[in-house]
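Chemist: Right, I'll just put the structure down here and ask away after.
The values are calculated or read from the model by the stated rules, or taken from the named source; none is laboratory data. Just so we're clear, the structure is a prediction, and the values are computed from it rather than from any experiment. Because the Cβ atoms are built from the backbone with ideal geometry, glycine has one as well, and the counts that use them run over all protein chains shown.
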Amino acid sequence: MSTDDPIGTPSTRRGTARPAQARAHAAALAELRRQPRAVSWRRNAARTLLLVLATTGLVVGAAVGSSIVDFAWSKQRLLSLGLLVALQALGVVAAIAPGRRVLRWAAAILAALAAGAVVIGRGAGPLGPPAIPCWVVHVAIDLIPLSVVLFALRRFAWSLARSALAGAAAAATGALAGELSCSRGPAHALIQHVGAGLLIVAACVLLSRMRRPETFAS
């Protein structure tokens, strides 16, 4: 038989693929040993969402307790507040649910609408700068929900859409606090609040990409 006979090519490829197959098989067995019973994605999503909403509740409670919430202003922000809460719920579910491409598109559109409402709904606002830059407060508040969604993402193979939506759900927590306590104008909201949200989304994408997942399921 000639050395360049194509009949020998498949066996050569099979021989090359065997080490990779062996590694994948070993990784799958190790995963089964760590968690022999599969966890429903719905349970995982519900648990993650509950923790994110609990963090939001603590932030809102602390803001009310420290008297930094402007209730008269908050009544004018009901649309943006509702969109941000909906983004938390839909963002977490869309990030964790397997497949669901339409759901992820819906969550992405909702994120854009929420960001637009945060900016467009602002009035002129006070001229003086806040004592602490809003983006610093925004990022500090979002560290806890960011940790929660990153912990949930470790169960899945990395996906740009999944990690970005999880980051948007986490960023909505700080945005909610900003809507309750900050009444500055649209330029401030765009730079300090939406900008901080985008920073959290970028951090979620990068950190989840750097971390080795516990499973390669998509």
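Chemist: Please work out if G99 is at negative phi and either in the same structural domain as S159 (by TED's automatic domain parsing) or without any contact (Cβ under 8 Å) to a residue 12 or more places away in the chain (or both).
Modeler: When the stated conditions are applied, G99 does not pass them.
Chemist: Please work out which residue is modelled with the highest pLDDT, limiting yourself to the stretch 29-56 and to residues that are surrounded by fewer than 11 Cβ atoms within 10 Å (Cβ to Cβ) and among the basic types (K, R).
Modeler: Going through the qualifying residues, I end up with R43.
Chemist: Out of the residues in the stretch 173-216 that are among the polar types (S, T, N, Q) and modelled with pLDDT under 90, state the one that is nearest to W158 (Cα to Cα).
Modeler: Among them, the one singled out is T215.
Chemist: Determine if the stretch 173-180 includes at least one residue that is over 21 Å from V102 (Cα atoms), surrounded by fewer than 24 Cβ atoms within 10 Å (Cβ to Cβ) and of a type in the set (D, E, K, R).
Modeler: no
Chemist: Moving on to the next point. Considering only residues that are among the small types (G, A, S) and surrounded by 13 or more Cβ atoms within 10 Å (Cβ to Cβ), look in the stretch 113-124 and name the one that is modelled with the lowest pLDDT.
Modeler: In this case the residue turns out to be G121.
Chemist: Return the residue satisfying two criteria in turn: it lies in the stretch 125-136 and is at pLDDT 80 or above and over 18 Å from the mean Cα position of the chain (by Cα), and of such residues it is surrounded by the most Cβ atoms within 10 Å (Cβ to Cβ).
Modeler: Selected residue: C134.
Chemist: If only one of R104, R77 is at pLDDT below 85, of a type outside the set (A, V, I, L, M, F, W, C) and surrounded by 17 or more Cβ atoms within 10 Å (Cβ to Cβ), which one is it? It would help to see each step written out before you state the result.
Modeler: Working: R104 fails: at pLDDT below 85.
It is R77.
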